[in-house]
Amino acid sequence: MRLIVTGTGDAFSAERFGSSALIETAQGFVAIDCPGCPLAMYRKASERSGIEIDPARIHDLILTHLHADHAGGLETMAFHRKYMSGGAGKPGLWAADRVMERMWERLAPSMDGRGSGDKATNSLSDFYSPGILHMDSHTKVGDLVVEARWTKHSIPTVGLLISDGQTTLGWSGDTEFEREHAQWLSQADLIIHE
């Protein structure tokens, strides 16, 4: 598993992109969260890491929650993929049920295509292939196996265990300290704690 950390900032950072990363897979990349200005974020991560990061190669995005420092770049990624990526297809968009329930509510005002009319012409599935991260079982995301667990945060948020079959990454998600969450994450070979 090759992990590229793309952001280490929080909602108030003036210097860093929001907490996020890419996992390189045989098909391309899986993104963990998608803060604002993702195209600039991926360009800078590419320059710093020496790994070519083409946003069109991001085949799945996993969202921990809907705060802007984690989800503010979804509109940009959707429009880039649909209009600029030359037929790369819709990426998967994965989130826990309580996060996914409000996903389109967050994105629709800028993406539903109403123009000056009253009728929406687009939906979430015009831009992404939505999928649910199950809390009671593993979820297959590309070549990866993902487990999710609720964290203690002001809105529905998950932590993640992501495995490629050899290595497991623990991603805390935004959370207050919780001993049980830390214990759950301890199964991982590497833990990124926000």
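General observations
- Amide H contacts under 5 Å for Trp94: Leu61, Ile62, Leu63, Gly131, restricted to partners 5 or more places along the chain or on a different chain, H placed in the peptide plane at 1.01 Å from N.
- Largest first, the three principal axis extents of the alpha carbons in the stretch 107-181 are 50, 31, 18 Å in whole numbers.
- Angstrom value of the Kirkwood radius, inverse mean 1/r, which spans all Cα pairs in the stretch 31-83: 11.3 Å
- Ser154 contributes about 90 Å² of solvent-accessible surface, heavy atoms of the protein only, 1.4 Å probe.
- Between Lys152 and Glu176, the built amide H atoms are under 5 Å apart, and every one of these is 5 or more places off in sequence or on another chain.
- Solvent exposure of the chain as accessible area per residue, Å², 1.4 Å probe: 49 Å²
- Portion, in percent, of the accessible area of the chain that falls on carbon or sulfur, probe 1.4 Å: 48 percent
- In order through the stretch 115-129: 3J(HN,Hα) via Karplus (6.51 cos²θ - 1.76 cosθ + 1.60), integer Hz, x for Gly, Pro: x, 9, x, 9, 9, 5, 10, 10, 9, 3, 6, 6, 10, 9, 9
- Distances between placed amide hydrogens fall under 5 Å for Ile192 paired with Gly170, Trp171, Ser172, all partners being 5 or more residues away or on another chain.
- Nearby aspartates and glutamates by direct alpha-carbon distance to Lys90 (threshold 20 angstrom, same-chain neighbours under 8 apart not counted): Glu24, Asp33, Asp54, Asp60, Glu75, Glu101, Glu105, Asp112, Asp126, Asp143
- Using equal-weight Cα scatterers in the Debye expression, the normalised intensity of the stretch 61-194 in log10 at q = 0.10, 0.11, 0.14, 0.18 Å⁻¹ is -0.36, -0.44, -0.68, -1.02.
- The GluC sites (Glu not before Pro) of the stretch 1-63 that meet both conditions, a loop assignment by DSSP and at most 12 other Cβ atoms within 10 Å of the site Cβ, are Glu15, Glu52.
- Restricting the stretch 27-116 to trypsin sites (Lys or Arg not before Pro) that sit in a DSSP loop and have at most 16 other Cβ atoms within 10 Å of their own Cβ leaves Arg102, Arg114.
- Charge dipole of the stretch 1-139 about the Cα centre (unit charges at C-beta), most positive-ward option of His65, Asn122, Ser46: Ser46
- Cα pair distances of the stretch 1-148 binned at 10 Å [whole percent]: 11, 42, 36, 10, 1
The values are calculated or read from the model by the stated rules, or taken from the named source; none is laboratory data. This structure is a prediction, so every number in the text was calculated from the model and none was measured. Here Cβ is always computed from backbone atoms with ideal geometry, including for glycine, and neighbour counts include all displayed protein chains. Side chains are part of the model used for accessible areas, which takes the heavy atoms of the whole protein and leaves out ligands, DNA and RNA. Shrake-Rupley method; radii C 1.70, N 1.55, O 1.52, S 1.80 Å.
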